[in-house]
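Inspection log for the structure reproduced underneath, given as structure tokens.
The values are calculated or read from the model by the stated rules, or taken from the named source; none is laboratory data. Since the model is a prediction, treat every value here as computed from it, not as a measurement. Here Cβ is always computed from backbone atoms with ideal geometry, including for glycine, and neighbour counts include all displayed protein chains. Side chains included, ligands, DNA and RNA excluded: accessible areas come from the protein's heavy atoms. Shrake-Rupley method; radii C 1.70, N 1.55, O 1.52, S 1.80 Å.
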Amino acid sequence: MRRITKKKYPCVVVNKLAVLPGMVIHFDVNTAPGAKAVELAMVKDRKLFAAVEKEDDKATKTGMTGLYDCGCICEIKQVVKLPGNVVRVLVEGVARARIFEVVSEDCLIATVKEMVATDDWYVGKTIGPVNPEIIEDGEDVRLEIMAKINVLKELLTTMLGYNPQIARSLTKQFEEAQTLSELLDYVAINVPMHFSDRARLLCAETVDARFMQLMTILQREVNVLDIKTNIAKQIKERVDKNQKEYVLREQLRVIKEELGEGSTATEEEKYREAALKLKANKETKDKILKEIDRFSHLHDGSSEAEVSRGYIETLLAMPWNRSSVDNRDIDRAEKILDRDHYGLDKVKERMLEFLAVRNLTKKGDSPIICLVGPPGVGKTSIAKSVATALDKKYIRICLGGVRDEAEIRGHRRTYVGAMPGRIAVGLKNAGVKNPLILLDEVDKMSNDFKGDPSAALLEVLDSEQNSRFSDHYIEIPIDLSEVLFIATANSTAQIPRPLLDRMEIIEVNSYTENEKIHIAKEHLFPKQLKKHGLKKDQLVIADTVWPEIVDGYTKEAGVRSLERKIGAICRKAARQIYQDGRSTVRVNKGNLADFLGIRKFERDRKNDSDEVGIVRGLAWTSVGGDTLSIEVNVMPGKGEIILTGQLGDVMKESAQAGMSYIRSIASKHKVAADYFKKHDFHLHIPEGSVPKDGPSAGITMATALFSAITDRKVRADVAMTGEITLRGRVLPIGGLKEKILAAKNAGIKKVLVPKANVKDIEELDDEITRGLNIVFVERMDEVLKHALLKA
């Protein structure tokens, strides 16, 4: 028998883990002393002592707080360094050892003594004592050992009946075990148990003590598993009973229907039948069936039952996996779009591209489009035409004035009168999960203490997230990935930047006069004839009248007012036909005033003559383009600048920047050095009740100031737009199509435009630019050269 002496080993303390001899396991070391202990063990003989930390903080005989008195000498098999200064160590337990002392140097060093059981027995092919000089050998002792092994096998067999997954490995290890202590360790390693139980087995000094301890643990686990099995059996019997009752109720219902006694289906059964027939995934059906089960236990007349009933009916009405088949005929779609709308080429082109991609890929992502343009240009109506062209269900959600997040996400069911959000209601009304949803007036939303609806729309309009949109009322993820969203807005300025980033912006510009006439004759007039019950030959409007109606009775970017004027003509014609018995009513220039009254609007015409200090500028408004006559007067004073005409802050700053530039070049144009100290300058923009703002009138105001100061006349047939800098550079601006249209309608011949806007001019139709001399300028001296007459 070999002599056991005390030895020192590098030590690591493991938490909630007890390593037994023969156990191969890995653990993580995340302390500096622990890492040094592993490093020291690798340098020496790869031997490491694994001490076990207790769950309580009682001090041990070694003086170390919270450690068991024994541990396991291990052999390191592998070391892996992980991020965060963590070392993962794979070890194999070698031998039990009792701790005598733990010293903390650079790392923990444990003085231990190996624990050798003196009552161990061989249990292989032959049974006999490991230490015959210590253990008395005899037939009675052998029979006792064999009885212990049989009892252990029987208890394990019972336990493995509950957990068959570990049966194979234990059966093999039973055959391979050489000694009884090895056999007990194998069982303790492979049977699931708490680490404190393994720690007690680790600290048991004799094989007999380990055997009794292990049998106690196994018997306790068998008892727990037996109780669990009985509980599971009772639950299964109860479920089977409920299933049996359901089958019997169904049979009773069928029998009564066959006897002609009518349907006996309860409300719960109807809901359950509808849920089973519903086209939805398992998660959704399980949620609905669970709510139906809850509803079945509520009192029929209670308010809670009413809430549950409404919720179930909403879930059953949602189109979870129900979709419509899109019409993929791209030629048909193009004809419908051209039939319903004149112009809007970019919108039509984008829809046809979407359809082409859908046909090629058999699916394709639904685009999220935002149509931006002035009122009345057909943003809302084009969405209807797109839905018709694609054979999609059309749902319009007006967001103007919406200020509550719950309008989008719905109310939580804990509130009285809770209901789904507008998106979920729209899908329910459509009856399919792939409709076209129009989010009208998306720029008119606001927010208050109830939340920000535009923030709730971020998830709706994000193609990466909306496949699992969360409605607070529905509480089941809704798939919006197949919905074709089209939003409309008058301006992007009021749309939050994150929301704007999720949409594809398509600008819908103002109509030209020619486009308005085409739309009126081909679309609006036939629509109003039908609306007022008139036939085509009962009301005739001469071709020469259409420009007069467009120019003299409407002033807008779109055609809404134009449609109302046509409606007014139809009403008066209908009265003449019905009351006076006329067969045909003809409208011409001579009698147009009898139908619409006197002319309402006169075009802003260019000035009749060249003048000093008056310059024609171009502006963009919510109803299209317009011209601005900017006037400057110079008078004796103290060098003050007076700005009137309801100018915004940006416009005032542009005027000041223009004045600074004029003063910087005054000496080159023979203006006295003290001129600006002795005079005041009054800049005014007419229509003073109308607020005005923006930087695009910068070069116009600078030109007017320069003209008044140098007393040089400005050409009456020139208009301009552009932002000015202090050094006289001309910067690009927006709304160019509307501005060019306004200049053309005012009779302007030459338009000065920033050179950086060349690309915008190239996109305009020839109809708009025909007859205009568009000059691109980069600096203010070029502007003055084209705008001013020679002195």
In the range 503-523, which residue that is under 21 Å from Glu349 (Cβ atoms) and charged (D, E, K, R) is nearest to the chain's Cα centre (by Cα)? Glu504
Residue list for the range 763-791, filter: modelled with pLDDT of 90 or more, open to solvent by 60 Å² or more (accessible area, probe 1.4 Å) and either over 15 Å from Lys749 (Cα atoms) or among the aromatic types (Phe, Trp, Tyr) (or both): Phe776, Glu778, Arg779, Asp781, Glu782, Lys785
Which pairs do you get when a residue that is under 26 Å from Lys744 (Cβ atoms), found in the range 582-611, comes within reach of a residue that is in a loop (DSSP other than H, G, I, E, B) and acidic (Asp, Glu), reach meaning Cβ atoms under 8 angstrom, with the pair 6+ apart or on two chains? Lys606/Asp717
Note on the range 381-439: residues polar (S, T, N, Q) and within 19 Å of Ser470 (Cα to Cα) are Thr414, Asn429, Asn434
Taking the condition loosely packed, with under 12 Cβ neighbours inside 10 Å and modelled with pLDDT under 90, does Lys606 pass? no
Here are Glu269, Glu306: which of them is open to solvent by 50 Å² or more (accessible area, probe 1.4 Å), out of contact with any strand residue (DSSP E or B) (no Cβ under 6 Å at 6 or more places or on another chain) and at pLDDT below 85? Glu306
For the range 447-462, enumerate the residues that are open to solvent by less than 40 Å² (accessible area, probe 1.4 Å), of a type outside the set (A, V, I, L, M, F, W, C) and out of contact with any strand residue (DSSP E or B) (no Cβ under 8 Å at 6 or more places or on another chain). Gly451, Pro453, Ser454, Asp462
Quick one: how many residues across the range 427-471 are over 21 Å from Gly401 (Cα atoms), outside any strand (DSSP E or B) and not hydroxyl-bearing (Ser, Thr, Tyr)? 14
Of all residues in the range 247-258 being at pLDDT 70 or above and not acidic (Asp, Glu), which is farthest from Phe295 (Cα to Cα)? Ile255
I'd like the full set of residues that are closer than 20 Å to Glu507 by Cβ and basic (Lys, Arg), limited to the range 333-358. Lys346, Lys348, Arg350
Filtering the range 27-52 down to residues that are under 47 Å from the mean Cα position of the chain (by Cα) and surrounded by 15 or more Cβ atoms within 10 Å (Cβ to Cβ), which residue is farthest from Ile109 (Cα to Cα)? Phe27
Exactly one of Glu515, Glu556 is touching a residue at least 40 places away in the same chain (Cβ under 8 Å), closer than 18 Å to Pro374 by Cβ and not in a helix (DSSP H, G or I), and that one is Glu556
Of all residues in the range 654-701 being polar (S, T, N, Q) and farther than 21 Å from Ser629 by Cα, which is surrounded by the most Cβ atoms within 10 Å (Cβ to Cβ)? Ser660
Any idea which residue in the range 190-209 is farthest from the chain's Cα centre (by Cα), counting only those that are under 26 Å from Glu144 (Cβ atoms) and free of Cβ contacts under 8 Å to residues at least 24 places away in the same chain? Ala209
Every pair of residues 6+ apart whose Cβ atoms lie under 9 Å, when the first sits in the range 69-93 and is on the phi < 0 side of the Ramachandran plot and in contact (Cβ under 8 Å) with a residue 40 or more places away in the chain while the second is surrounded by 14 or more Cβ atoms within 10 Å (Cβ to Cβ) and among the polar types (S, T, N, Q): Asp69/Thr60; Asp69/Thr62
Please count how many residues of the range 11-26 are closer than 13 Å to Phe49 by Cα and either in contact with a Lys or Arg (Cβ under 8 Å, 6 or more places away or on another chain) or open to solvent by 70 Å² or more (accessible area, probe 1.4 Å) (or both). 3
Segments classed as helices (runs of 4 or more DSSP H), wholly inside the range 288-387, with at least 1 members that are within 21 Å of Leu484 (Cα to Cα) and among the basic types (Lys, Arg): 330-340, 345-361
Which one of these is modelled with pLDDT under 80 and within 30 Å of Val14 (Cα to Cα): Thr118, Thr111? Thr118
Does Val550 satisfy being outside any strand (DSSP E or B) and open to solvent by 50 Å² or more (accessible area, probe 1.4 Å)? no
Pairs, first closer than 12 Å to Ile312 by Cα and touching a residue at least 12 places away in the same chain (Cβ under 8 Å) in the range 271-286, second among the aliphatic types (A, V, I, L, M) and open to solvent by 20 Å² or more (accessible area, probe 1.4 Å), C-beta under 6 Å, six or more apart: Ala274/Leu316; Ala275/Leu289
